[in-house]
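Undergrad: Handing you a structure now.
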Amino acid sequence: MTVEQIVNEEAITIENFECDGASRVLSYRLTQAGINHKIYAGQLIGLKGVLISLHVWIKLHDGRILDTKARMWAGNSAPHGLFFPDEFPDFHYVGEPARLEASKSIYDVLVIDAQLSKGIAKQMKELMLLRTAAQSQSGA
């Protein structure tokens, strides 16, 4: 399995996660696939200074960075996905390897929480639609 395949498979799970949760989920999957990497913590710096003062990302053994959350805080011009740092010369990652656990149990908790959250959100939306329909009928 490739890094790209793992990111695609987990995209829906991590879409609402912050950088630390997304990095833990992806790190666990990368480890299971035998892909050498480290989780980093630090800052994302742009031309105008620090854009994200506390950020977490993954660095692969070949120097590529896997960051699916920089745009959440730094805007659409920020790096996203899997890339070599020189592909985004206006942005610099400054950090150190972090001791963030990416175990099976952490992965399971994060994934189950994401699934429950999505299920609850869907149910709330359905209830709101039913309520709106009922109000429309009673007001007619």
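Since every read-out is calculated from the coordinates, none of them should be taken as a lab result. Only a predicted model underlies this, so the values are computations on that prediction, with no experimental measurement involved. Methodologically, a virtual Cβ is constructed for each residue, glycine included, from the backbone with ideal geometry; neighbour enumeration extends over all protein chains shown.
Undergrad: Near the amide H of Tyr40, under 5 Å away, which other amide H atoms are found, from residues 5 or more places off or on another chain, if H is placed in the peptide plane?
TA: Under 5 Å from the amide H of Tyr40: Trp57, Ile58, Lys59, Ala98.
Undergrad: Grab the eigenvalues of the alpha-carbon gyration tensor for the stretch 3-139, scale each by 5, take roots, and send me the semi-axes largest first in whole angstrom. Walk me through the numbers before you get to the answer.
TA: Values: eigenvalues 231, 78, 29 Å².
Semi-axis lengths for the stretch 3-139 are 34, 20, 12 Å.
Undergrad: Given a Förster distance of 41 angstrom, what is the FRET efficiency for Gln32 paired with Met128, based on the Cβ-Cβ distance and rounded to 0.05? Intermediate values should be presented prior to the final figure.
TA: Details: r = 39 Å, r/R0 = 0.94.
Here the calculated transfer efficiency is 0.60.
Undergrad: Using R₀ = 22 Å, calculate the FRET efficiency as 1/(1 + (r/R₀)^6) where r is the Cβ-Cβ separation of Glu15 and Ser77; round to 0.05.
TA: 0.65
Undergrad: Using a Förster distance of 41 angstrom, determine the FRET efficiency expected from the C-beta separation of Ser138 and Glu4, and round it to 0.05. Mind dumping the intermediate values first?
TA: Working: r = 51 Å, r/R0 = 1.25.
Efficiency at R0 = 41 Å is approximately 0.20.
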